[in-house]
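Accompanying notes for the structure given below.
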Amino acid sequence: MTKLEKAIVAIVEVFEEYAGTDEKKSQLSNAELGQLIKAQLTSPEFKDKVDPENIKEAMEELDKNHDGEVNFREFSQCISGLARAYYMKKHGKEKSRGRGKGGQDK
């Protein structure tokens, strides 16, 4: 598999591993989400590129439908936000919500 394919499979598998600890196999409870974050976002290389504020913001935006649980769609949006934060920090770019020339992120 390519790097991107492996990354996609890993995201799905991590979600399924942590969502599978209770009776709702397609949702992450708050406890499952806490375990996932604590166990999966630990490396110094990642922490050097993503501020704790980025993780907090991503978690706050997770439960879009306010049902107290996180489905895969909500989880994947969080992962996308963390990837953007990592990219911006890695490339020394300031946090920006706007769009640059040609519709690309600044």
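Odds and ends about this structure:
- Other-chain or far-sequence residues with amide H under 5 Å of Leu28's (modelled H): Val70, Asn71
- Pairs from Lys25/Lys47; Lys3/Lys64; Lys47/Lys90 whose Cα-Cα separation, in the structure shown, is over 22 Å: Lys25/Lys47; Lys3/Lys64
- A simple count of charges around Glu23, restricted to other residues whose Cβ falls under 13 Å of its Cβ and scoring Lys, Arg +1 and Asp, Glu -1, yields -1.
Every read-out reported here was derived from the displayed coordinates using simple, explicitly stated rules and does not represent laboratory data. Just so you know, these numbers come straight off a predicted model, no measurement behind them. Here the Cβ is made from the backbone with ideal geometry for all residues, glycine too, and neighbour counts use every protein chain on show.
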